[in-house]
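What follows is a short report on a single structure.
The values are calculated or read from the model by the stated rules, or taken from the named source; none is laboratory data. Keep in mind it's a predicted model, so treat the numbers as computed, not measured. Virtual Cβ from ideal backbone geometry, glycine too; neighbours counted across all protein chains shown.
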């Protein structure tokens, strides 16, 4: 399991309404007016709210994806070499690892309010990841701002990360498969472990 499995992209208006229901109860009488179940629900982090937990989860997903992008070419090269397959442009990924430039913040705490520069960095990281490889046409865009964030935009941010991960999975499978398909041909031609 990875942080990708924890992404939330199914928030609804009902989730948002539930947050406001509990907040209004708290505002009118304090935490003591909540039932034990409501207090536990509120303190656990509600899906309809966007807070430090969400910012950290997105930051961790950005970091995870960046690491995958950066390491993939080396992993493919190591695998190819272990099978005795010669280097070839066919095994070079369609992006350069050094183009992956992110700096996600993953240490948000309760009460933190993102500054404009932190929001700009957050959005720039998403934009960088979105532009590395080709994604399906219906992939969500990166929002231009987090002002007036809606649950739909929050869903799109995390759905974007999921789509990037799936596209990276497909890319990885395709390149490993290319290498695997080459090995039988090399063996047939008795070229395994030889220098050409």
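Here are some notes:
- Residues of the range 71-92 that turn out to be in a loop (DSSP other than H, G, I, E, B) and either out of contact with any helix residue (DSSP H, G or I) (no Cβ under 9 Å at 6 or more places or on another chain) or surrounded by fewer than 16 Cβ atoms within 10 Å (Cβ to Cβ) (or both), as a count: 6
- Boolean, residue 145 is at negative phi and in a helix (DSSP H, G or I): no
- Taking the criterion of being surrounded by fewer than 16 Cβ atoms within 10 Å (Cβ to Cβ) and under 18 Å from residue 148 (Cα atoms), the only residue of the range 30-52 that qualifies is 51.
- Qualifying residue in the range 118-129 (condition: surrounded by fewer than 18 Cβ atoms within 10 Å (Cβ to Cβ), within 19 Å of residue 53 (Cβ to Cβ), over 17 Å from the mean Cα position of the chain (by Cα) and modelled with pLDDT of 95 or more): yes
- Condition broken by residue 11, with the remaining ones in (1) in a helix (DSSP H, G or I); (2) touching a helix residue (DSSP H, G or I) at 6+ places or on another chain (Cβ under 9 Å) satisfied: (1)
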